[in-house]
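Undergrad: Below are the structure tokens for one structure; questions will follow.
Quick note: the coordinates plus some simple rules give every number you see, no bench work behind them. Model, not experiment: these values are computed from the prediction. Here Cβ is always computed from backbone atoms with ideal geometry, including for glycine, and neighbour counts include all displayed protein chains.
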Amino acid sequence: MSIDAIALEMRDITKSFPGVRALEAVSFDCAHGEVHAICGENGAGKSTLIKVLGGIYQPDAGSILIEGKPAAFSHPVEARRAGISIIHQELSLLPHRTVAENIYLGLEPTRGGRLDRKAMMEGARRLLGRLGSPISADARAGDLAIAEQQTVEIAKALALDARILVMDEPTAALDDTNAKRLLDLVARLRSEGVAIVYVSHRMPEIAAIADRVTIMKDGRKVETAPIGAMPTDRIVRLMVGRELSDYYPARPDTPPGDVLLEIAGGGNAELADIDLSVRAGEIVGIAGLEGSGKAALARAIFGDQPFTRGTVRFLGAPIDLRHPRAGIEAGIGFLSDDRKREGCLLQQSLRDNLLLVRRAFASPVRGSRAGTLADGEADTMMRRLDVRAAHFGQAIGALSGGNQQKVILGRWLARDPRLLVFCEPTRGIDVAAKAAIYQLMRDVAARGRGVVMVSSDLPEVIGVSDRILVMHQGRIAGECSPEVGEEGVMALAVGHRPAPLDVAREGALA
Amino acid sequence: MTLADTLPASRRTRRSLPVPLLLFLASAVLYVGAALYTGQLNQLGASGLVGLAQRMVGLGIVALGQTFVILAGSIDLSVANLISVSAVLASFVMQGDPAMIAPAVLLVLVVSAAVGFVNGGVVAKLGVNPLIATLGVGLILQGLLSASFNNFAGSVPEAFQGLAYGTIGIIPWSVLALLALAIIGALLLRSTRFGAHLYATGGNMDGARLAGIRTDRITILAHVICSLMAGLTGLYLASRLRSGAPWVGRDGVYDLESIAVVVIGGTLLSGGRGGVWGTLAGVLLFATLDAVFNMLGVPAFPKQVMRGAIVILAVAAYAIRNKGPVA
Amino acid sequence: MSVAAAGEPKWNGGMSLFRKINIAVIVFVILYAGIAILQPNYLEPAGITNFLRRATPLAVLACGQIFVLVAGGFDLSMGALVTLTVIGGSMLTDNDPGNTAWAILVLYAIGLGVGLVNGLVVTVLRVPSIIATLGMLLSLNGVAMMWSGGSPRGYLPDNFRFFGRFTFRDVPLVGSFPVAVVVLVVVALAAWWGLQKTVFGKRVFAIGDNPRAAALSGVRVEATRIAAFVISALAAVTGGILLGGFGGVSVDVGSGLELQAIAACVIGGVQLMGGRGSVIGAVAGALTLFALFTLLNLLGLPQPLKDTAQGVILISAVASGAWRRRRAG
């Protein structure tokens, strides 16, 4: 790659918000035909940098050069005109509009003042074809699976004929197969000469795709280097200042206790023939591809999307949960995979968030800060969980994802259910907080509670679980021990062959 | 936003009859049923049907405008007050003089556009919740109007009454005008970039912004269209009543009813999906109910009670399928 | 950005105290000063208590409305319920003071019913509350007209009017003290306790902030929402009983009050669409709005300009709040 192929250069970008210096003299560049990865913990300033590039924020100081020419963006429209396309972490599709309408949003071709719908359809088909995607151009975007929506987002960027493509955690919501497909696509775009800025938490991806890596921490650039000079453990150390080895907590030597939960023949609209048991003191991992039913299984256990068939026994007695409250009453807790939409009361204080479950089951006329609902109780819990905030009366919306997750977890620990169901417990949170959450899960199990962990992150499932159930098309495809490794789990998840070290399911259930 | 949460629900949607057709059939059954039940068979003749169509005009025009703002993810609670303002303004400026028709109409349209601009600006630029913004603007308008006029003001000349009472053959001008406006509205939404950007603004404001759409301008333009439609409704009412009074808009409950028919017509209250034909079918349903009440001889006050209940039930017919939280 | 934290924020001088004072309180003091300049007797104890008496119905309505607003909804049927209360009171008592006690009970029962219907329409039929309660407004107005035969007039019995009209004389320190102000204090304290000091109140905030998260945490979202509508309706009946003591019976005694109550809450910092607000703010907002009306009156401006002023203050209150939030990031 030669110097004159530099597509994008950001020089000494500084950006402050009231009370926070989000970026401090950050410089960054990316060449045509290069994938330049940006790594950093949450709050390191990656998203701010991207938003400056996209014209959403205006920098306080510093300059941006596109193809060597200075540029200043006061609105996203100007960044787009300069050939920059950003695929944000949160998808921006219109659920009720067609794929073609979404792809050409803001770029609609017209003929004689009227929308040229034919040109839109043809163009959309061509772009999707170029991406090797079978998605129909006149499907409603809201009907697509997340991975397909991600493809449409990329097609949107291609429609713009973007020379610079920025991807902010594009695989965060994808399972491994779709993530791999996306990486192939990124490679293809790179070979077409697109400059790609790639933000991700997933180390294997970065190792596989990036040409160079930039590490950010606390709003500053720590280092930029070719990927060859940056082994994964070094990246992690630069990001958080700790080694990978103490990432997952050690498994206990003691065997699990009595059976807590036992499901036989469970099923509903998305699940069939679910047989599973969870014992006190163990962490059961549930893996599977997107749409395999693993999330539906978690919700069925909790009573949010109840089983309509089969029998469920909990603590030895049959139960039939019709709604979340019934699940909680029975002694089950649930951490949603959508923290923002189903977890946080964003405007309420950390204390109010932490006490939500307790208050849901207290008498309505009771004082909201009396006895077990007192500030002191809540604060003790949050200190135990190492929640980092300016103060505990602060609104939870201002916290990082990891700290939010700790508070939500605390909400359940305050109730101390016999069984806790975690859905994607570390989605979108930084490495340090991840390690803390894993340790907390292990602590919960060690106190004789059962833990079910649904996760799309295979290393996590293997690193944390005592045993692993793999879902495929709404059924449990098999059970295996963590020793089978990622390939063994994946083999079950895609439904091809039994895992090499598959434990006979009958044996496990006995 | 991620679309993950909309997935399971939308995947299961079964394609049923289009909403406008459904509402049209329901209206037809109601109307014919009532006419047969009460033995008023003349209601089924041409003049009866024309009368029914005429009932649609006032609410129809303002509801077309309301469709635009709701699609953009906003709402307009000031339409009833603006209707009063424009009706009074028109008849006050005209004072029965045919020469003043053109200046009066022009003035009404300019004032309406200005009100829409203010509404849209307060919503888009100042970031005020649209309910509050338009409620506030409505209060401001009503206060100024009622402080200046307390009864019918002026009158409209004979020639201007033709707008409400003139016909081509047996079809009233006003019905044709409503139809023309609906067609223009449908074309705007379906076949222009503005239409596409309007759906985008209402469907996913952040996404639209990131796609380079100037959502502020779209919101303001939608409000200007809505206010112009309210202004036209005011002109129509002045023509029909032969004069304007400061209570004509509020008496017609045009704010609530225009929102109700838009929602009944299948447009999402949160924006991003819907269209004018559904709205027009909703207006037809309301006009039909009105006509049916008249045929059945329901007195005024019980009619009002039933209207309130019907608005709720009609919206409930949609809303009850919605599984998300409602506040 | 994130600092390992202790429990409490550190006291950082007068600025945080200034921020904690509701902005409505400051605006109120300015407006009341304006009133006092025009009419100095508003500074005498009798003037102050009389001002409070007349502002009481609005403040009571705001104390009810805030529950629905914080829960993320709107109650637009309040004004119509006030009208129905006054007209219903006159029909039920039929000028006989002996009927007052049970008439008031019946009125509260009607309020309970209206609140339940509002709440059920929103939670079970899933109609957005702005439409549900507007429909209720239309229906209640129709019911009031039907009940009274179209043209109610006259006055309620004296003992019915006690709450709105009666003033204790020769009270030490203040001289005279209206019963209505006692009602205001009781209602405001009850609302403050209910919304800000109980588990129920915390649930109202929770469902207004994120109903889905609340439901997954076991909160009975629908029951809580229905209760908020019932509280709002009961406040409206209380407001109606007070207003019945102020003047005669008419069909428009309550019209527009629902918007004034919402405006009062918004001025007091209550956030529309739920999750934030305080009862002190709502009461302060009501007093501010009423002071504004009084000032306009003293300035001799036409009565309808009240609406205009209300519109201006409503927009500017929300706009300034939005501006402050945007600046805070």
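Undergrad: Largest first and in whole Å, what are the equivalent-ellipsoid semi-axes of segment A:417-457 based on the Cα gyration tensor, each being the root of 5 times an eigenvalue?
TA: Output for segment A:417-457: semi-axes of 19, 12, 6 Å.
Undergrad: Let me ask something else about it. How long is the gain from A:ASP273 to A:ASP161 if the chain were fully straight, where each residue apart is worth 0.36 nm and the alpha carbon distance is subtracted?
TA: Difference between extended and current length: 35.5 nm.
Undergrad: Let me understand chain A better: what is its radius of gyration from the alpha carbons, and its Dmax, in angstrom?
TA: 24.2, 76
Undergrad: Using label points projected 7 Å from each Cα along Cα→Cβ, tell me how many nm separate A:SER63 and B:SER270, to one decimal.
TA: 4.5
Undergrad: Same structure, new question: Only Cα pairs under 8 Å and at least 6 apart count here; give the relative contact order of segment A:1-129 as a rounded whole percent.
TA: 20
Undergrad: Say R0 is 41 Å: what FRET efficiency, to the nearest 0.05, do C:ASP94 and B:LEU126 get from their beta-carbon distance?
TA: Computed FRET efficiency for C:ASP94 and B:LEU126: 0.20.
Undergrad: Scan chain C and report its longest stretch carrying no trypsin sites (Lys or Arg not before Pro) that are both in a DSSP loop and have at most 13 other Cβ atoms within 10 Å.
TA: Value returned for the longest uninterrupted segment is C:154-329.
Undergrad: Pick out the long, greasy-scoring helices in chain A: whole DSSP H runs spanning 15 Å or more along their own axis by Cα, mean Kyte-Doolittle at least -0.5.
TA: Going by DSSP H runs, the hits are A:146-159, A:176-191, A:401-413, A:431-446.
Undergrad: Can you pull out the GluC sites (Glu not before Pro) in segment A:196-292 that DSSP calls coil and that have at most 16 other Cβ atoms within 10 Å?
TA: Here the sparse-neighbourhood loop sites are A:GLU243.
Undergrad: Over the C-alpha atoms of the protein assembly as shown, what are the Rg and the largest Cα-to-Cα span, Dmax, in Å?
TA: Spelled out, the Cα radius of gyration and Dmax of the protein assembly as shown are 32.0, 99 Å.
Undergrad: At most 11 other C-beta atoms within 10 Å and a DSSP loop state: those are the exposed trypsin sites (Lys or Arg not before Pro) I care about. Give me the longest piece of chain A that has none.
TA: The reported range is A:1-321.
Undergrad: Now a separate question. What is the pair-distance distribution P(r) of segment C:14-324, computed from all Cα-Cα distances in 20 Å bins starting at 0, with each bin given as a whole percent?
TA: Final binned percentages: 33, 59, 8.
Undergrad: What number, in percent, do you get for the relative contact order of chain A if the mean sequence gap of Cα pairs under 8 Å and at least 6 apart is divided by its residue count?
TA: 15
Undergrad: Sort segment A:339-416 into rounded, prolate or oblate with this rule: let a ≥ b ≥ c be the square roots of the eigenvalues of the Cα gyration tensor; rounded if a/c is under 1.5, and if a/c is not under 1.5, prolate when a/b is larger than b/c, oblate otherwise.
TA: prolate
Undergrad: For segment A:6-244, go through all pairs of different Cα atoms, get the mean of 1/r, take its inverse, and jot down that Kirkwood value in Å.
TA: 18.4
Undergrad: Provide C:VAL312, C:VAL237 in ascending order of the number of other Cβ atoms located within 10 Å of each residue's Cβ, fewest first.
TA: Going from sparsest to densest Cβ surroundings: C:VAL312, C:VAL237.
Undergrad: Then there's this: Calculate the FRET efficiency for A:THR177 and A:ALA264 from the Cβ-Cβ distance with a Förster distance of 41 Å, rounded to the nearest 0.05.
TA: With a Förster radius of 41 Å, E is 0.85.
Undergrad: What does the helix-only formula give at 222 nm for chain A: each DSSP H stretch with n ≥ 4 adding -39500 (n - 2.57), the total divided by the residues, and the result rounded to the nearest 500 deg cm²/dmol?
TA: -9000 deg cm²/dmol
Undergrad: B:PHE117 versus A:GLU192, label points 7 Å from Cα toward the beta carbon: distance in nm?
TA: Computed distance between label sites B:PHE117 and A:GLU192 equals 4.4 nm.
Undergrad: In the protein assembly as shown, what % of DSSP beta bridges are antiparallel (nearest 5)?
TA: 60
Undergrad: What are the membrane-span-like helices in chain C by this rule: whole DSSP H runs, Cα extent along the axis at least 18 Å, mean Kyte-Doolittle hydropathy at least -0.5?
TA: C:23-38, C:45-70, C:78-93, C:100-123, C:129-148, C:179-196, C:221-246, C:279-298, C:305-328
Undergrad: Along its principal axes, what span do the Cα atoms of segment A:314-472 show, with the longest given first and each in whole Å?
TA: Extents along the principal axes: 46, 40, 28 Å.
Undergrad: From the cross-link list A:LYS340/C:LYS197; A:LYS156/B:LYS125; A:LYS406/A:LYS434; A:LYS406/C:LYS197; A:LYS15/A:LYS46; A:LYS46/A:LYS217, which pairs have alpha carbons spaced over 18 Å apart?
TA: Pairs exceeding 18 Å: A:LYS340/C:LYS197; A:LYS156/B:LYS125; A:LYS406/C:LYS197.
Undergrad: Right, another one. Where in chain B lies the longest segment free of trypsin sites (Lys or Arg not before Pro) that are both loop residues by DSSP (not H, G, I, E, B) and have at most 14 other Cβ atoms within 10 Å?
TA: Answer - B:126-320.
Undergrad: Let me have the 222 nm mean residue ellipticity of chain C computed from DSSP H runs of 4+ only, each contributing -39500 (n - 2.57), with the sum over all residues rounded to the nearest 500.
TA: Rounded to the nearest 500, the figure is -23500 deg cm²/dmol.
Undergrad: With a point put 7 Å past each Cα toward its Cβ, work out how far A:ALA374 is from A:THR254 in nm, to one decimal.
TA: 3.1
Undergrad: Regarding segment B:17-322, what is the average projected area of its C-alpha convex hull, in nm²?
TA: It is 16.2 nm².
Undergrad: Over chain C, what is the mean sequence separation of C-alpha contacts under 8 Å (at least six apart), divided by residue count, expressed as relative contact order in percent?
TA: 33
Undergrad: What value, in deg cm²/dmol to 500, does the helix sum -39500 (n - 2.57) over DSSP H runs of n ≥ 4 give at 222 nm once divided by the residues of chain B?
TA: After summing the helix terms and dividing by the residues of chain B, the value is -24000 deg cm²/dmol.
Undergrad: Now for a different question. Using a/c under 1.5 as the rounded threshold, could you call segment B:200-289 rounded, prolate or oblate? The axes a ≥ b ≥ c are square roots of the C-alpha gyration tensor eigenvalues, and prolate needs a/b larger than b/c, oblate otherwise.
TA: Note, shape of segment B:200-289 comes out oblate.
Undergrad: Please compute the volume of the convex hull spanned by the alpha-carbon atoms of segment A:117-187 and report it per residue in Å³.
TA: Considering the Cα atoms of segment A:117-187, their hull volume per residue is 92 Å³.
Undergrad: Hey, can you list the DSSP H helices of chain B whose Cα span along the axis is 18 Å or longer and whose average Kyte-Doolittle score is at least 1.0?
TA: B:19-38, B:46-71, B:79-94, B:101-124, B:130-148, B:173-191, B:215-241, B:276-296, B:300-319
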